[in-house]
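See below for the structure under consideration.
The values are calculated or read from the model by the stated rules, or taken from the named source; none is laboratory data. Quick caveat: nothing in here was measured; it's all calculated off a predicted structure. Here the Cβ positions follow ideal geometry from the backbone for every residue, glycine too, while neighbour counts run over all protein chains shown. All accessible areas refer to the heavy atoms of the entire protein, side chains included, with ligands and DNA or RNA removed. Shrake-Rupley method; radii C 1.70, N 1.55, O 1.52, S 1.80 Å.
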Amino acid sequence: MVAAAAGGRPSPSPSPQEQPQPSSGGSPGQIRCEDALSVCSKLCYGIGGAPNQVASSAASFFLQIYLLDIALITPLHASLVFFIGRACGAASDPIAGFFINKSKWTKIGRLMPWLLGCTPFLIVSYFLLWYLPPFISARVVWYLVFYCLYQALSTLFQVSYSSLTMFLTTEQKDRDSATAYRMTFEVLGTLVGAALQGQIVASAHAPDHCQYNNSIESLYSTSIRENISTIHDLSHGRKLYMITAGTIGGIYLVGSAALFFGVKEKIDPYALETDRRIPFFEGHKLALKFGPYVKFTTSFLLISTAVQLEQSNFVLFCTHAADLHSHFQNLVVTILVSATLSIPFWQWFLRHFGKKSAACGISWMIPFAIMLVTIPNVFLAYMVAFVSGLSTAASMLLPWSMLPDIVDHFRVQNPHSTGHETIFYSSYVFFAKISSGIGLGISFSTLDLAGYKSRACKQSSSVVIVLKVLIGAIPAILILLGLFILYFYPINEKSRKETKYALENLRRNYPSIEMIPENEENTSM
């Protein structure tokens, strides 16, 4: 086993005369110079994750209305696309984690080849997801295939990227800082994706299609649906969605360049000679039995499902239930600007008051969302958008800030284990996608049962009621239940300091691999 120089590039072991000696003094909290993470590396790390959030945001806010009003897929078929696609993405998590866990270090690291290798295929699958094929009967199959492919590749990218946090530095403070940079750029990416898509495609959903309403309502008979192009020309909307897909594909290339040139993976310089790599499936069993991880995962699965329901139904709610069609682009931008600007505040808050205390900010959206549902007006809508942005930022920052603490806590209890970092990250992404897929599937199915009609100028009262429930009542219940479970999460600021102290003692009391002479590397310590 060799140590990694900057950038994860293997370097030969130093001669015995040149070998540094293990530190026997110094305070436990002392930071080694080689462990310090530069601002440039943090910026590049944050920029690298933004493209995936740009694409995810555009899909979260607009794929639902695209399938219903541009591709003219029934709500039931759209629910199948979303549910199966999310399930495919979730199934890809353990597969991605397995192969990443088995991969070896290369000259550019262990995770970087996965990030760079999947990006071209991810761009192509995302572009084809927004392409309107000329055929009608198999259109559902087209979107199902490319949505599944996009979800699988996006999962591979996200698992590799999120796991990279543990290989940037061993310092908790630097990892938290890097996570804050990452979440700032991811929320900014969410803003860019929603704003870019919203401003470009807004005219595709303008109310001037009402003159076609009588014809559109009859599209669900097979004979008319086969000749849909003679009833309404959808080329304008198709072109707008293709433009945004191509633009977002270019953003992926920028993010990959930032990761490759600005981020360097590091092996823990204090890794023990006696370490053994946890087998992947055994690691999953250990993770699912690890109490802090179980409470953390259950809590944030409920919270993320609530946020996903808000995002995916917000445009439909503004269009059909609140008479805010001309404002929905600006409302989406308000949510995301608020979220972007509040990330530094939440980072400051969790450092001074603790991560569990910061979770209370997630609940702020509940009373305002209920007010919007009961008293829909423009002023209240913008107030709700601003507060929702604050809550969304907290819900995005906290889980990724808390996961490294859980990994460190696990390492203290299993000091001679390696390879568990990817397992914890891939498992969390797996369960998050499963829960959001179930939530979206229920959302679509409920709209279908309520009688949602694509491109109709006015939906029935039952559809309006369903949209209000999906925006107000269900997210409120999920968030409150998630916060209740998080109350019993055992890792607080005191235990974080104890874990940090234990890990620093562990690293200080054992020589690193790079300190062992070449002729002793294969002997037991």
Problem - Positive-pole candidate from Ser388, Asn313, Ala432, dipole of the range 275-510, charges at beta carbon - result: Ala432
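Which FRET efficiency, nearest 0.05, do Ser445 and Phe261 yield, Cβ-Cβ r, R0 56 Å? Working shown, then result.
Values: r = 46 Å, r/R0 = 0.82.
Calculated transfer efficiency: 0.75.
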Problem - Accessible surface, 1.4 Å probe, highest first, among residues Lys264, Lys289, Lys494 - result: Lys289, Lys494, Lys264
Practice task
Take Asn414, project a point 7 Å from its Cα along the Cβ direction, then tell me which residues of the range 82-122 have their backbone nitrogen under 17 Å from it.
Solution key: 94-95, 97-103
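Quick one: putting +1 on the C-beta of Lys and Arg, -1 on the C-beta of Asp and Glu, what dipole do you get for the range 275-510 around its Cα centre, in Debye to the nearest 20?
Values: 20 positive and 11 negative charges, 86 e Å.
My answer is approximately 420 debye.
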Problem - For peptides 348-356, 167-175, sequence by mean Cβ density within 10 Å, most packed first - result: 167-175, 348-356
Completion exercise
For Lys355, the lysines lying under 30 Å Cα to Cα, once residues fewer than eight places off in the same chain are dropped, come out as Lys42, Lys173, Lys264, Lys266, Lys285, Lys289, Lys295, Lys433, Lys494, Lys497, Lys500
Practice task
Would you mind putting 484-493, 125-134, 152-161 in packing order, based on average other-beta-carbon counts within 10 Å, highest first?
Solution key: 152-161, 125-134, 484-493
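Calculate, for Cys40 and Leu116, the FRET efficiency according to 1/(1 + (r/R0)^6) with r their C-beta to C-beta distance and R0 25 Å; round to the nearest 0.05. If you can, show how the numbers build up before the last one.
On the way: r = 19 Å, r/R0 = 0.77.
Once the sixth-power term is evaluated, E becomes 0.80.
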Problem - Phi-based couplings in Hz for the range 244-260 (Karplus 6.51, -1.76, 1.60; Gly and Pro marked x) - result: 5, 5, x, 5, 5, x, x, 5, 4, 5, 5, x, 5, 5, 5, 5, 5
Problem - Extension gain (nm, one decimal) between Val294 and Ser495, 0.36 nm per residue minus Cα-Cα - result: 70.6 nm
Problem - Nitroxide proxy distance, nm - points 7 Å out along Cα→Cβ at Phe353 and Leu481 - result: 2.7 nm
Fill in the blank from the handout: Here the FRET efficiency for Ser103 versus Ser462, based on Cβ atoms and R0 = 35 Å and rounded to 0.05, is 0.10
Completion exercise
Binned at 10 Å starting from 0, the alpha-carbon pair-distance distribution of the range 275-510 in whole percents comes out as 7, 28, 30, 19, 11, 4, 1, 0
